[in-house]
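The values are calculated or read from the model by the stated rules, or taken from the named source; none is laboratory data. As the structure is a computational prediction, the values presented were derived from the model and not from experiment. Cβ placement follows ideal geometry from the backbone for every residue including glycine, while neighbour counts extend to all protein chains displayed.
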Amino acid sequence: MRQLLLLLTCAAAGLYGQDFTGTWEARVNGTVVCTFKFEGAPLKGTDLGCYIAVNGQGELLVPGSREPYPAKSLTNVQVDGKTLTFQIDPADEDDPVIRVEMQQTGDEQAELRFLNFPVPVKPIRFVKRP
């Protein structure tokens, strides 16, 4: 009976994205350029500030001036094993919804891919903040 309870608990943890729960950051040359926070069951996400600037090869750069913006909810957050997908709704209704996939690559590490960003962007390395 204990094994069954443990198995169900582990399955529920995976279902609700416990491996993604927490605050994730991407850095370039030590500067935080993007922060997402995931919490709850079912999993919900928040964009705490994501400033994407890339060069012609799609490599992440430290952005220039950054205007702060209020935290905004991520939508359609879904977990499938080690893959998290979500959407970033645009501030301007004329802009497209940005679809995102985050794949765990190791302990407290993940790679993020923009599935439909207006310009090519190479995968971005994220680390879970302690």
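Among the residues of segment 36-65, how many are β-branched (V, I, T) and modelled with pLDDT of 95 or more?
Here the count works out to 1.
Surrounded by 17 or more Cβ atoms within 10 Å (Cβ to Cβ) and modelled with pLDDT of 90 or more: is that true of V32 in this structure?
no
Cβ-Cβ under 9 Å, sequence separation 6+ or interchain: first residue in segment 75-92 and in contact (Cβ under 8 Å) with a residue 60 or more places away in the chain and in a loop (DSSP other than H, G, I, E, B), partner surrounded by 12 or more Cβ atoms within 10 Å (Cβ to Cβ) and of a type in the set (V, I, T). Which pairs?
Short answer, once both residue conditions are applied: K82/T105.
Which residue is nearest to the chain's Cα centre (by Cα), if the candidates are limited to segment 37-60 and must be surrounded by fewer than 14 Cβ atoms within 10 Å (Cβ to Cβ) and among the acidic types (D, E)?
That would be E39.
Of everything in segment 74-129 that's at pLDDT below 95 and among the small types (G, A, S), which residue is farthest from L60 (Cα to Cα)?
By that ranking, first place goes to G81.
List every residue pair whose Cβ atoms lie under 6 Å apart, where the two residues are 6 or more positions apart in sequence or sit on different chains, the first residue falls within segment 32-54 and is in a loop (DSSP other than H, G, I, E, B), and the second residue, located anywhere, is modelled with pLDDT under 90 and among the hydroxyl-bearing types (S, T, Y).
Filtered contacts from segment 32-54: A41/Y16; P42/Y16; L43/Y16.
Each row is one residue, and each column tells you yes or no for (1) surrounded by fewer than 15 Cβ atoms within 10 Å (Cβ to Cβ); (2) farther than 15 Å from E25 by Cβ.
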site	(1), (2)
V62	yes, no
E67	yes, yes
T83	yes, yes
I88	no, yes
M102	no, no
F117	no, yes
P120	yes, yes
I124	no, no
